[in-house]
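For reference, the structure is listed below as C-alpha cells.
Just so you know, all these numbers are worked out from the coordinates, no wet-lab data involved. This one's a predicted model, so the numbers in the text were calculated from it and none came from an experiment. When we count neighbours, we look across all protein chains shown, and the Cβ atoms used for this are built from the backbone with ideal geometry, even at glycine.
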Amino acid sequence: MGEEETCTTPKKHGIPVLSVCPPPPKKKPVGGKKRDPPKNGYFQPPDLDSLFTMPPRREAHGVRQLTSGWADGPAYITQCPIQTGQSYTYNFTITGQRGTLLWHAHISWLRSTIYGPIIILPKLNESYPFQKPHKEIPIIFGEWFNVDPEAVIQQALQTGAGPNVSDAYTINGLPGPLYNCSSKAKDTYKLKVKPGKSYLLRLINAALNDELFFSIANHTVTVVEADAVYVKPFDTDQLLIAPGQTTNVLLRTKPYLPNATFFMEARPYFSGIGTIDNTTTAAILQYNNHSSSSSKLPVLRPTLPPINATGFVANFTSKFRSLNSVKYPANVPKCIDRKFFFTVGLGSNPCPKNTTCQGPNGTKFSASINNVSFVMPSTAILQAHFFGQNNGVYTTDFPVNPPLPFNYTGTPPNNTNVSNGTKTVVLGFNTTVELVMQDTSILGAESHPLHLHGFNFFVVGQGFGNYDPNNDTKNFNLVDPVERNTAGVPAGGWMAIRFLADNPGVWFMHCHLDVHTSWGLRMAWIVLDGPQPNQKLPPPPSDLPKC
C-alpha cells in the first residue's frame, strides 16, 4: 500500500481490532493461481483465541470458485469451521474476473472485524476500458462495536429481540472526527491527492448490517465498475453501497489547489422499522500543498440523502448498466429452464415455554425466504452432498413459490410465524434460472441486499409493490442489465435476476445484512455435476476441516 493508502488501527476503543484497517490488497492477475493459508492464528495470534469463542471461516466474496466450491467459505455450507490449532489452505483459481471484491469471515458476526480487499488486475498488457488512473486506492467502510459483536448477536438470539446497534462506522478502519471520542489527527483517514489527476477509488462496504450513502464534498465521481464487472460510466455526487457490494469510481481532482479540504462521508440508508446506528463517519480528501498548512484551511462537508431516501436508492440503482460490448458482453440467459418466486422478509418464531421473549408480541424475531427460516446443520452440506449422505443433514424440497400467496406489500397477515428447516433447491448443470425475489411487509417493508455465492447474476428487473408476472416481464432488460453478485431487493418491492447454473457445488444465498442472515434469511442451491471432467466437483482436499 502506498503513502495515500495507510491507516492506523484505533487502540482507544478498548479491544484489539482484527484487520479493521485494510491489509495490503491481494492483487492477482486474471487466471492467477491462489494458495491462501489462513490459520487459526493468521490474524496476529493470540488475539483470535482471546477475542472470539467461534472458530473463524473466510469467504473470498464474489470469487466464482469454478469447480473449487470447497474453498468458498460459509460455515456448514461448504465446510465446517477451522478449529483451534487447525489450518486449511484455500486453493482456487480466479477465472474470467477482474476488479474489486472483498474477503471476510463467514460465521456468525466475526466479519465485523475480519475483512479486507481483493483486487484482481486485468490480464497482462490489457488496459481498463476507461482512462488509466494516477493511483488506485481501496476505501473500505466498516462498522464498529465498543463491545464484542458476538455477545451482541448471541444476546439478541437468546432474547428474541433486535440486536444492539453499532457505535460507529469507519472508513479504512477509522471513525473520523465527527464522533465525540474521536481525534481529527489520529482517528481520521486522510486521502492525499494532487490537482488535475484521476484516482480510482475501490469502494467496498464491509459493514455488518447497514447500507451506506457516500459522498465527497464538492466533487463528482464517475462510476465504472460494480462487483468486479465493468459498467457503462455515469457521473454522480452521491452513492449507495450495500454490505458485500463493491463500486469502483473515478475521482478527477480539481485542476488547481483549492483553498479548502473536503470531507468524504458515509451514513446509513434504512427503510425498516427499529433502531439504527444513525451516525456519520468521515475521512478527509486533502490536496497536497507544501506552501501552507492544511490544518488552517476550511473543511467542506458533502450533502447526503436522508436516511430513508428510498426514491434516491431506486433512481441510483437504475443507472447501472453492463457495458455489453464485444470485449465485455452481457450474456443474459434468454431461454429460461426454471423459474422461482421467493418472498423475503421478517417474521417471528414462538417463544419457548417458560421463557420471556422480547420480539414482536412476545415472540422471537425471525426471517425467511418463502416462509422457510433456514436452520444451519451440524455437518457441511457440500460434504454431505458429495458423499451422498444428505439424510438428516438437509432436504431438497425448498418451495419454488410461497406456500401461501397473500398481499405481500399490503396489510400483513395475522399469523407472522415462519417454518424452520434446512431446505435446498437442486439444479441440473447448465440450468438457466430466473428468480424473482419479493419483499414482504409482514413486520415492515425493508431493503434486503441478497448475495449469491458461486455465480454472478443479471438484474433484469426491479419495481415497487407486488410483482406482476403478466406485466412486469414486459419491461425486463435483457440487453444490458447490470451483472452483480449482491443486489438489493427494494423495500416494499421486488427484484428479478437471471443466472446460468454452470458451477457444480453447494452455493449459499443470503441477505448480507447479517442480522437477517442470523435470523434465517438464507438458503442453498445445489448444482449437480456436468457431463465433462471439467464440469465436475473434485473430491475434497485432504485438509478440509472436520466437524
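Highest average first, the peptides 177-187, 253-263, 427-437, 69-79 ordered by how many other beta carbon atoms sit within 10 Å of their residues are 69-79, 427-437, 253-263, 177-187. Taking each residue as 0.36 nm, the span from ASN470 to ASN414 lengthens on full extension beyond its C-alpha to C-alpha distance by 17.3 nm. Once the Cβ-Cβ distance of GLN83 and LEU157 is raised to the sixth power relative to R0 = 22 Å, the FRET efficiency obtained is 0.50. With the simple spin-label model, which puts each label point 7 Å out from Cα in the Cβ direction, the ASN354 to LYS184 separation comes to 6.0 nm. Across the chain, Cα pairs under 8 Å and at least six residues apart give a relative contact order of 16 percent.
Charged side chains reduced to their Cβ positions (Lys and Arg at +1, Asp and Glu at -1) give the chain a dipole of some 1300 debye around its Cα centre.
Is region 393-547 rounded, prolate or oblate when judged by the Cα gyration tensor, a ≥ b ≥ c being the square roots of its eigenvalues, rounded requiring a/c under 1.5 and prolate requiring a/b larger than b/c? Oblate is the answer for region 393-547, as a/c is 1.5 or above yet b/c matches or exceeds a/b. Under the simplified labelling scheme, the THR396-MET376 pair shows an inter-label distance of 2.6 nm, with each label point 7 Å from Cα along Cα→Cβ. A simple charge model with +1 on the Cβ of Lys and Arg, -1 on the Cβ of Asp and Glu and nothing else charged puts the dipole of region 338-535 at about 400 debye relative to its Cα centre. Based on C-alpha pairs under 8 angstrom that are at least 6 apart in sequence, region 338-535 has a relative contact order of 27 percent. Neighbour counts of C-beta atoms inside 10 Å place LEU300, LEU323 in the sequence LEU300, LEU323, starting with the fewest. Report note on the peptides 518-527, 197-206: ranked by the mean count of other C-beta atoms within 10 Å, highest first, their order is 518-527, 197-206.
Taken as Cα centroids, region 153-191 and region 391-410 sit 36 Å apart, rounded to the nearest whole angstrom.
Identify the chymotrypsin sites (Phe, Trp or Tyr not before Pro) of region 348-421 meeting these criteria: DSSP loop state and at most 16 other C-beta atoms within 10 Å of the C-beta.
Counting only loop positions with at most 16 other Cβ atoms within 10 Å, the chymotrypsin sites (Phe, Trp or Tyr not before Pro) in region 348-421 are PHE387, PHE406.
With 0.36 nm allotted per residue and the present C-alpha distance subtracted, the LYS536-VAL326 stretch has 72.7 nm of extension available.
Taking the three principal axes of the alpha carbon atoms in region 63-189, the coordinate ranges are 53, 42, 28 Å, sorted in descending order.
The label-point distance for LYS123 and TYR256, in a model that sets each label 7 Å from Cα toward Cβ, rounds to 4.6 nm. Taking 22 Å as R0, compute the FRET efficiency from the Cβ-Cβ separation of LEU404 and ILE273 and round it to 0.05. Result of the calculation: an efficiency of 0.45. Compared with the dominant principal axis of the Cα atoms in the chain, helix 149-159 is inclined by about 40°. Restriction of the trypsin sites (Lys or Arg not before Pro) in region 394-489 to DSSP coil positions whose beta-carbon has at most 14 other beta-carbons within 10 angstrom yields no sites.
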